[in-house]
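Structure first, commentary second.
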Amino acid sequence: QVQLVESGGGLVQAGGSLRLSCGASGSMFSIYLMGWYRQAPGKQRELVATITAGGITNYADYVKGRFTISRDNAKNTCYLQMNNLNPEDTAVYYCNAAGPNYYWGQGTQVTVSS
């Protein structure tokens, strides 16, 4: 089992920045991919970014150049640095860990005001 806890969400003005953190615990040796997803009201959950255990990253087109995913394997923590935020980035952001199973955190709200 893997437990994920997100933090760092909040309210920010357009053009601002936030840094999300995802602390992981449990059987992390089985996890090969971590990522961030988001879900806006009335919309499906969508991929934001992923990072492998070796540090290979992948981004959705709508966040490329603005968001950066990283991980500290020693601390079992995954980060999402979000810059130049716009109101369309408003959503609940979820941390995900992929291994034999998929694990999700409880989510953290990010609200960007215009």
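The table for this structure:
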quantity: In sequence order, calculated HN-Hα J values of region 29-37 (Karplus, 6.51, -1.76, 1.60; Hz; x Gly/Pro); calculated: 4, 8, 8, 10, 8, 10, x, 10, 10
quantity: Residues with amide H under 5 Å from that of Val48, placed H, sequence gap 5 or more; calculated: Trp36, Tyr37, Arg38
quantity: Phi-based couplings in Hz for region 108-114 (Karplus 6.51, -1.76, 1.60; Gly and Pro marked x); calculated: 9, 7, 10, 10, 10, 9, 8
quantity: Under the Karplus curve 6.51 cos²θ - 1.76 cosθ + 1.60, θ = phi - 60°, whole-Hz ³J(HN,Hα) for region 10-26, x wherever Gly or Pro sits; calculated: x, 9, 9, 7, 3, x, x, 9, 9, 10, 8, 10, 10, x, 10, 9, x
quantity: Surface share of carbon and sulfur [accessible, 1.4 angstrom probe, percent] for region 1-65; calculated: 52
quantity: Rel. contact order, % - alpha carbon contacts under 8 angstrom, at least six apart, region 1-58; calculated: 25
quantity: Length released on extending from Leu11 to Asn83, taking residue separation times 0.36 nm less the Cα-Cα span; calculated: 24.6 nm
quantity: Packing rank of 88-99, 5-16, where each peptide gets the mean count of other beta carbons within 10 Å, highest leading; calculated: 88-99, 5-16
quantity: Theoretical gain in end-to-end length, Gln106 to Ala40 [0.36 nm per residue, Cα-Cα removed]; calculated: 22.3 nm
quantity: For the chain, Cys with no neighbouring Cys Cβ under 4.7 Å; calculated: none
quantity: Relative contact order (%) - criterion: Cα under 8 Å, at least six apart; region: the chain; calculated: 37
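The values are calculated or read from the model by the stated rules, or taken from the named source; none is laboratory data. Note that the structure is a prediction, hence the values are computed from the model and not measured. Note: ideal-geometry Cβ built from the backbone for every residue, glycine included; neighbour counts use all protein chains shown. Side chains are part of the model used for accessible areas, which takes the heavy atoms of the whole protein and leaves out ligands, DNA and RNA. Shrake-Rupley method; radii C 1.70, N 1.55, O 1.52, S 1.80 Å.
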